[in-house]
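Student: Dumping the structure here so I can ask a few things about it.
We did not get these values from a lab; they are worked out from the coordinates using the rules stated. From a predicted model like this one, the values you see are computed outputs, not experimental measurements. All Cβ positions, even for glycine, are placed from backbone atoms using ideal geometry, and neighbour counts span all protein chains on display.
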Ligand code: NAD
């Protein structure tokens with residue numbers, strides 16, 4: 001492994017919230033933006049996607065300080081025609097950009113039945129399931145395709161060199177009297193952030209996720225962070241690669257944004273988003289949609305032998321993790337915590353005040 005194993009800390013949700021809010025406030029985000037970005041990042045940690053949680057803060061703040069990301073920005077509307085909306089994020093803080101444009105799409109879909117939404121050239125928009133949840137909370141079905149323009153990290157199926165990003169896809173499926181189903185994953189075997197977490201912790205990456213610079217399988221997470229660089233593999237062999245390709249076509253090319261068509265050219269992590277938001281109510285299928293969905297769920301979870309069902313639905317693992325982390329605290333590895341402290345110092349906070357806010361513990365709360 002590239003690094004020594006590091007200690008794990010546990011921080012309770014309100015304390016971590018206080019620390020992250022303070023960092024963004026000190027960097028210059030408005031109180032509303034602080035609330036939006038902190039809630040988004042903490043929800044990613046609570047749901048077990050540490051790759052897209054507070055560990056992103058050092059990169060976000062570094063980008064803001066070097067002019068590679070705009071705080072307190074409003075997306076620029078490029079097209080508003082029928083049920084089609086296009087916005088340019090102009091490298092605004094991604095959580096603010098996506099919250100704004102998804103809300104616009106929700107309003108349009110409630111009015112007309114559907115909305116085709118594109119947000120191009122935003123800074124990183126984080127955990128994509130968050131945007132499915134925003135739509136599902138309003139009773140709307142939604143599909144989201146995202147491309148990433150940054151340092152390429154994924155090799156196309158059949159290739160050996162990193163050529164594209166981890167291009168995530170999410171689908172939000174609201175239910176009548178239950179929490180929505182949220183499909184949300186990268187088209188690579190793993191998100192880059194999950195390899196970063198393994199690298200920071202000094203542990204091996206899961207088998208099958210990485211190749212080294214010669215194209216051979218490796219579990220060393222340094223393959224993504226140290227020369228000679230290797231690459232992530234797509235999930236599901238050719239299928240993940242084909243879906244990742246569709247993300248470039250829809251989220252970037254069709255939206256008027258940029259595909260990953262060369263090596264990293266700037267420090268910003270750029271996401272473009274293509275979404276379709278649909279109202280089952282306006283489609284006139286709401287009753288059968290709800291009843292068929294419940295019938296299907298009942299059928300797939302029906303135990304063949306009378307035992308408890310072990311089939312989970314998309315979104316279930318995240319809900320279970322959330323309950324656990326609210327109770328026991330959020331694990332933050334020591335390297336990530338140190339990076340947060342350095343980031344806080346870069347915007348003028350002192351280590352003493354940040355430690356007092358975060359109150360890190362060396363064991364989970366019982
Ligand atoms: P993952 O491999 O953990 O898959 C998560 C999905 O699988 C969820 O929908 C989850 O509910 C579902 N799931 C997991 N176990 C299940 C089970 N047993 N039964 C049914 N469903 C199950 O996710 P990932 O690929 O590591 O992605 C992590 C996060 O990274 C996502 O939130 C994604 O949006 C985000 N991401 C963002 C970017 C970006 O550029 N903004 C890029 C890549 C990934």
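Student: Order of 107-116, 52-61 by packing, highest average Cβ count within 10 Å first?
Tutor: Highest mean packing first, the order is 52-61, 107-116.
Student: Across the Cα atoms of the chain, what radius of gyration and what greatest pairwise Cα-Cα distance (Dmax) are found, in Å?
Tutor: Rg then Dmax for the chain, in Å: 20.5, 61.
Student: Please order 142, 279, 122, 261 by the number of other Cβ within 10 Å, starting at the fewest.
Tutor: With the sparsest Cβ surroundings first, the list reads 261, 279, 142, 122.
Student: Continuing with the same structure: Give me the percent relative contact order of region 191-233, please, defined on Cα pairs under 8 angstrom at least 6 residues apart.
Tutor: Computed value for region 191-233: 34 percent relative contact order.
Student: Another question about this same structure. Suppose R0 equals 45 Å; then what is the FRET efficiency for residue 281 and residue 338 from their Cβ-Cβ distance, rounded to the nearest 0.05?
Tutor: The computed FRET efficiency comes out at 0.35.
Student: Sticking with this one: So how much slack lies between residue 25 and residue 7, counting 0.36 nm per residue of separation and subtracting their Cα-Cα distance, in nm?
Tutor: Taking 0.36 nm per residue and subtracting the Cα distance, the gain is 3.7 nm.
Student: Then there's this: Modelled label-to-label distance, residue 177 and residue 324, 7 Å Cα→beta-carbon offset: nm?
Tutor: Those two pseudo-labels are separated by 3.0 nm.
Student: Moving to a separate point now. I'd like the distance separating the alpha-carbon centroids of region 260-330 and region 135-155, in whole Å.
Tutor: For region 260-330 versus region 135-155, the Cα centre distance is 13 Å.
Student: Rounded to the nearest 500, what is the chain's calculated 222 nm mean residue ellipticity when only DSSP H runs of at least 4 contribute -39500 (n - 2.57) each, over all residues?
Tutor: -12000 deg cm²/dmol
Student: Mean separation of Cα pairs under 8 Å and 6+ residues apart, divided by the residue count of the chain: what relative contact order is that in percent?
Tutor: It rounds to 25 percent for the chain.
Student: Let me ask something else about it. Provide the FRET efficiency to the nearest 0.05 for the residue 207-residue 362 pair, computing r from the beta carbons and using R0 = 41 Å.
Tutor: Efficiency for this residue pair is about 0.85.
Student: Of all DSSP beta bridges located in the chain, what percent are antiparallel, nearest 5?
Tutor: Around 85 percent antiparallel, to the nearest 5.
Student: How far, in nm, would the chain grow between residue 137 and residue 290 when pulled straight, counting 0.36 nm per residue and subtracting the alpha carbon separation?
Tutor: 53.6 nm
Student: Can you tell me how region 37-132 classifies by the Cα gyration tensor, rounded, prolate or oblate, using a/c under 1.5 as the rounded cut?
Tutor: oblate
Student: Turning to a different aspect of this structure: Note the full-extension length gain between residue 107 and residue 78 as 0.36 nm times their separation in residues minus their Cα-Cα distance, in nm to one decimal.
Tutor: So the extension gain works out to 8.7 nm.
Student: Sort 40, 238, 73 so the one with the fewest other Cβ atoms within 10 Å of its own Cβ comes first.
Tutor: Listed from fewest to most nearby Cβ atoms, that is 238, 73, 40.
Student: For region 225-366, rounded, prolate or oblate, judged on the Cα gyration tensor with a ≥ b ≥ c (square roots of eigenvalues), a/c < 1.5 rounded, else prolate if a/b > b/c?
Tutor: oblate
Student: Just rank 100, 199, fewest to most, by other beta-carbon atoms within 10 angstrom.
Tutor: Ordered from fewest to most neighbouring Cβ atoms within 10 Å, 100, 199 come out as 100, 199.
Student: So what is the relative contact order of region 1-127, in percent, for Cα pairs below 8 Å that sit 6 or more residues apart?
Tutor: Rounded, it is 21 percent for region 1-127.
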